[in-house]
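Notes to accompany the following structure.
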Amino acid sequence: MILHLSDLHFGTEKPACIAAIRLFCQEHPIEVVVVSGDLTQRARYRQFYDCKQFLESLNLPYLVVPGNHDIPFYQLWNRIFSPFTRYKLFFGNMETTLETAHFYIIGVNSIRRRYHTRGHISLEQIQQIDQSLMIAPEDKIKLIVAHQPFYTPPNNPHGVKDCPMLGRMALESWSQSGLNGLLHGHLHQSAVYDLNQIYHLGVAHPVLDIHAGTATSYRLHRGLPNSFNVIYANADVEHYYFDGKQKEFVLKEENAE
């Protein structure tokens, strides 16, 4: 199973949520922890350091990708000429592939200086990931991790402005190469959508767009609790929400949309 965290926003983290995630990792057979961006609030050294220490303390393999908060916001020079220097100092390559007993996971950097919030997928990324998906083991669930979602619901105030440019083109290509799902954050709201049905991709299997809420930050969406996702070897997804009274994450039954 995958523990899917997102939007940790270190610098605004809740110690109780940090402790609860550590406990959850100790009590469940997690293969890998995936973090779909916004590791920090303002891309500061201390925030990256604290996030790194937290992930290392889980004693599990993990894969991370940057979010729009992981490049400098106020330091214009660094934002233009070296936006990912601090991220790479602590987490290295921004696009890694990780294979576990049940999953084949590809990290994608969708963050661009010019498209700070919306993000962008390049033609080169589309081609490279196509090749990776085609050589992936057929018996494993094939997932892509990117910060911005590839679909936003009608009630999202920003609409397609929260989806990366060329995302639809990428999705149409990757779905034909065996993609089973994408893991995202950015909207601070848990949800699951079948993009094969929404976009009529024409493949014989679901292609899930799996959104995670903020796992640890005070920056909550419309009063929703902190949350994370668990993805199982059969591609089922469960949402866990933080219970302030119990000081732990508890399962909430929801249906995929």
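The values are calculated or read from the model by the stated rules, or taken from the named source; none is laboratory data. Keep in mind the model is a prediction, meaning the values are calculated, not measured. When we count neighbours, we look across all protein chains shown, and the Cβ atoms used for this are built from the backbone with ideal geometry, even at glycine.
Here Val230 clears all of (1) part of a helix (DSSP H, G or I); (2) touching a Leu at 6+ places or on another chain (Cβ under 8 Å); (3) surrounded by fewer than 20 Cβ atoms within 10 Å (Cβ to Cβ) except the condition numbered (1). Consider region 87-132 and keep the residues that are of a type in the set (D, E, K, R) and under 13 Å from Gly67 (Cβ atoms). The one that is surrounded by the fewest Cβ atoms within 10 Å (Cβ to Cβ) is Arg112. Checked against the criterion of being at pLDDT 95 or above and of a type in the set (A, V, I, L, M), region 82-95 has at least one qualifying residue. The numbered conditions (1) hydroxyl-bearing (Ser, Thr, Tyr); (2) in contact with a Phe, Trp or Tyr (Cβ under 7 Å, 6 or more places away or on another chain); (3) in contact (Cβ under 8 Å) with a residue 40 or more places away in the chain are all true for Tyr218 except (2).
Against the numbered list (1) under 22 Å from Pro66 (Cβ atoms); (2) under 17 Å from the mean Cα position of the chain (by Cα); (3) of a type outside the set (A, V, I, L, M), Asp194 comes up short only at (1). Is it true that Glu13 is of a type in the set (D, E, K, R) and crowded, with 17+ Cβ neighbours inside 10 Å? Considered against the rule, which asks whether it is of a type in the set (D, E, K, R) and crowded, with 17+ Cβ neighbours inside 10 Å, Glu13 comes out as yes. Does Asp209 qualify as being under 15 Å from Asn229 (Cα atoms) and among the acidic types (Asp, Glu)? It is true that Asp209 is under 15 Å from Asn229 (Cα atoms) and among the acidic types (Asp, Glu). Every listed requirement among (1) within 22 Å of Leu224 (Cβ to Cβ); (2) in contact (Cβ under 8 Å) with a residue 24 or more places away in the chain is met by Pro15 save one, (2).
Take Tyr45 and decide whether it is under 15 Å from the mean Cα position of the chain (by Cα) and more than 23 Å from Leu187 (Cα to Cα). It is false that Tyr45 is under 15 Å from the mean Cα position of the chain (by Cα) and more than 23 Å from Leu187 (Cα to Cα).
Only residues that are at pLDDT 95 or above and of a type in the set (S, T, N, Q) were counted across region 143-188, and they come to 6. Residue count for region 152-181 under the criterion of being of a type outside the set (Val, Ile, Thr) and not in a loop (DSSP other than H, G, I, E, B): the result is 15.
Evaluate the following for Arg118: is it among the charged types (D, E, K, R) and without any contact (Cβ under 8 Å) to a residue 24 or more places away in the chain? When the stated conditions are applied, Arg118 does not pass them.
Within region 201-227, being among the β-branched types (Val, Ile, Thr), part of a loop (DSSP other than H, G, I, E, B) and touching a strand residue (DSSP E or B) at 6+ places or on another chain (Cβ under 8 Å) holds for Val207, Thr214, Thr216.
In summary, strands (runs of 3 or more DSSP E) completely within region 32-142 and bearing 1 or more residues that are within 19 Å of Cys163 (Cα to Cα) occur at 32-36, 62-65, 103-107.
Of the residues making up region 104-130, those that are charged (D, E, K, R) and either within 14 Å of His147 (Cβ to Cβ) or touching a His at 6+ places or on another chain (Cβ under 6 Å) (or both) are Arg112, Arg118. Could you tell me whether region 144-159 includes any residue that is farther than 18 Å from Ala235 by Cα and aliphatic (A, V, I, L, M)? Scanning region 144-159 turns up no residue that is farther than 18 Å from Ala235 by Cα and aliphatic (A, V, I, L, M).
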